[in-house]
Amino acid sequence: MSDAHAMTLADGTSLSVRIDGSEGAPWLVFSNSVLTDLSVWEAQAEALKDRFRILRYDQRGHGRSGVTEGAMDFHRYGADVIALMDALGIGRCSFVGLSMGVPTGLAAVAAAPERFDRFVAVDGVSRSAPGREAFWGERRDTARATGMAEIARQTAPRWMPGLDEAAPQMERLRRMIAATPVEGFAAATHALASYDLSGVAATLACPFLGITGEKDGAMPEAVRAQFAAVPGARFVDIPGAGHLPNFQDPKAFNTALARFLDATTTHSPKETR
């Protein structure tokens with residue numbers, strides 16, 4: 001079963017949502033990165049829909065979700081996760097966040113830690129690196145001055161190193177980035193510029209997996225450093241992949257994710273919706 005629709009939050013913002021899988025199966029929630037939409041998880045939804053009830057959604061200002069005026073922060077992005085869970089009757093879930101989806105998920109955990117059975121951080125960290133304000137400010141200015149096509153041209157090859165410029169996945173990513181609303185991206189750059197949810201990471205008590213693309217710069221080292229204190233934390237690098245390992249090499253990514261889910265299966269009561 002697959003269901004794509006929009007859900008309106010209390011503040012009037014509409015979030016684009018897609019649900020796959022059978023009713024009654026354990027919930028698995030996926031949160032996308034900046035500059036992508038819920039389709040970035042297509043291969044994971046296809047691989048896991050027979051075992052899980054899967055919720056994907058477009059973060060505010062991305063994909064088909066509404067754009068919030070002004071700067072965003074991760075408290076609000078995290079609140080969206082809890083609001084969707086409440087609206088859909090999701091008592092508990094396993095959470096998978098990609099890049100910006102990681103601090104989004106940590107903010108949600110801070111609000112309701114008892115509702116998360118597992119946490120998977122994909123090429124994302126609990127606190128921003130020093131000096132990121134200048135980088136994200138420059139990206140924001142470029143988007144407003146020249147449009148999202150230029151952001152797509154610059155970003156896609158950097159996020160998927162080693163992939164041919166003409167590869168279908170590269171073209172899909174360029175289209176995804178170019179379709180992101182300028183002000184949705186701009187709002188997200190404020191949240192990404194300077195955040196610190198390391199205190200939440202230190203309290204994680206559920207099973208944790210960090211998955212990173214081997215070629216995503218310093219990210220593999222940063223993920224290990226920032227989440228090493230989580231009890232029983234596991235880490236996997238996807239060889240040859242960059243910032244979007246789930247999208248660039250879905251086969252290797254799905255294998256790593258499925259192994260973690262299998263190894264940490266609990267026998268909690270099924271959800272009612």
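The values are calculated or read from the model by the stated rules, or taken from the named source; none is laboratory data. Everything numeric here is computed off the predicted structure, so don't read it as measured data. With ideal geometry, Cβ positions are generated from the backbone for all residues, glycine too; neighbour counts draw on all protein chains shown. We work out accessible area using only protein heavy atoms, side chains counted, and drop any ligands, DNA or RNA first. Shrake-Rupley method; radii C 1.70, N 1.55, O 1.52, S 1.80 Å.
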Region 1-57: number of residues that are outside any strand (DSSP E or B), among the polar types (S, T, N, Q) and free of Cβ contacts under 8 Å to residues at least 40 places away in the same chain: 1
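Among the residues of region 244-273, which ones are in a loop (DSSP other than H, G, I, E, B), more than 16 Å from A43 (Cβ to Cβ) and modelled with pLDDT of 95 or more?
Initially, region 244-273 is screened for residues in a loop (DSSP other than H, G, I, E, B), giving 244, 249, 264-273.
Filter once more, keeping what is more than 16 Å from A43 (Cβ to Cβ): 264-273.
Matches in region 244-273: T264 only.
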Count of residues meeting criterion [more than 13 Å from L35 (Cα to Cα), in contact (Cβ under 8 Å) with a residue 40 or more places away in the chain and of a type in the set (A, V, I, L, M)] in region 121-148: 4
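Residues D86, D73: which one is touching a residue at least 12 places away in the same chain (Cβ under 8 Å), within 30 Å of C206 (Cα to Cα) and not aliphatic (A, V, I, L, M)?
Details: D86 fails: touching a residue at least 12 places away in the same chain (Cβ under 8 Å).
Within the list D86, D73, the selection yields D73.
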Cβ pairs under 8 Å, 6+ apart, first in region 149-167 and open to solvent by 40 Å² or more (accessible area, probe 1.4 Å), second part of a loop (DSSP other than H, G, I, E, B): P157/L163; P157/E165; R158/G242; R158/H243; G162/K215; G162/G240; G162/G242
Region 58-105, subset acidic (D, E) and in a helix (DSSP H, G or I), residue nearest to the chain's Cα centre (by Cα): D80
Unique residue being surrounded by 14 or more Cβ atoms within 10 Å (Cβ to Cβ) and over 22 Å from S16 (Cβ atoms) when the list is L173, L209, L192: L209
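Just to be sure I understand, how many residues within region 236-250 are touching a residue at least 40 places away in the same chain (Cβ under 8 Å) and over 17 Å from the mean Cα position of the chain (by Cα)? Talk me through it step by step, then tell me what you get.
Filtering region 236-250 for residues touching a residue at least 40 places away in the same chain (Cβ under 8 Å) gives 240-248, 250.
Of the ones still in play, those that are also over 17 Å from the mean Cα position of the chain (by Cα) are 240.
Residues meeting the conditions: 1.
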F185, sole failed condition from (1) touching a residue at least 60 places away in the same chain (Cβ under 8 Å); (2) surrounded by fewer than 22 Cβ atoms within 10 Å (Cβ to Cβ): (2)
Unique match (being surrounded by fewer than 24 Cβ atoms within 10 Å (Cβ to Cβ) and under 20 Å from H5 (Cα atoms)) among A129, A111, A87, A107: A87
